[in-house]
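The structure under discussion is supplied below as structure tokens; questions concerning it will follow.
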Amino acid sequence: MTFVGLLSIDFGGRIFANAQNLNMPTCEYNKFPVYMGGSSNEKVGCFLYDPKNEVFMIGGNTTSDDFAPAQNSHGFLIALDIDANWLWGKFFYNVSYALTDVTGCKLSSDGSSMILLGQGNSLPVYMEVDTSSGSIKNFISILWH
């Protein structure tokens, strides 16, 4: 089976997965709506597909108190499978990891993890995340003196 797909996010924070199976005699086109977000603002700074685990990852910043644990700015990262099923989601803030905004991401060369770039306490942050579980492998915050 060959999968060709696209995820799109509208301004209301809703995520739509558009999937096409190209091995069928006629192309099947499905739209799977997945809602994420809250009543305030969500900004996406990372959108990545992991072909090894067949996972889409979306990260960014939210200020919605009905999406994040508190009303202030939080970084987030979510994972969806190719059928747009929610796999896992993470929020980041000053409790465990200071990451208030995910600004970029890249799959590692061996495909075992994802590198997140972001900001925490207005300083650059580098984080390595396991794409299959969302667990954090490494966290580095650069401090300026």
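The values are calculated or read from the model by the stated rules, or taken from the named source; none is laboratory data. On a predicted model such as this, the values are computed, not experimentally measured, just so you know. Cβ coordinates were reconstructed from backbone atoms using ideal geometry, including for glycine residues, and neighbour counts include every protein chain displayed.
Per-residue answers, yes or no, for (1) modelled with pLDDT under 55; (2) among the β-branched types (Val, Ile, Thr); (3) within 17 Å of the chain's Cα centre (by Cα); (4) within 23 Å of Asp130 (Cβ to Cβ):
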| position | (1), (2), (3), (4) |
| --- | --- |
| Val4 | yes, yes, no, no |
| Asn23 | yes, no, no, no |
| Thr26 | yes, yes, no, no |
| Gly45 | no, no, yes, yes |
| Val55 | no, yes, yes, yes |
| Ala70 | no, no, no, no |
| Gly75 | no, no, yes, yes |
| Ile78 | no, yes, yes, yes |
| Phe91 | no, no, yes, yes |
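If only one of Leu77, Leu48, Leu99 is surrounded by 14 or more Cβ atoms within 10 Å (Cβ to Cβ) and part of a loop (DSSP other than H, G, I, E, B), which one is it? Lay out the reasoning, then the answer.
Numbers: Leu77 fails: part of a loop (DSSP other than H, G, I, E, B); Leu48 fails: part of a loop (DSSP other than H, G, I, E, B).
Just a single option satisfies the conditions, and that option is Leu99.
Go through (1) in contact with a strand residue (DSSP E or B) (Cβ under 9 Å, 6 or more places away or on another chain); (2) assigned to a loop (DSSP other than H, G, I, E, B); (3) under 23 Å from Ile140 (Cβ atoms) for Gly104 and report which single condition fails.
That leaves (2) as the condition not met.
If Phe139 satisfies every condition in (1) under 21 Å from Gly38 (Cα atoms); (2) touching a residue at least 12 places away in the same chain (Cβ under 8 Å) but one, which is the exception?
The one condition Phe139 does not meet is (1).
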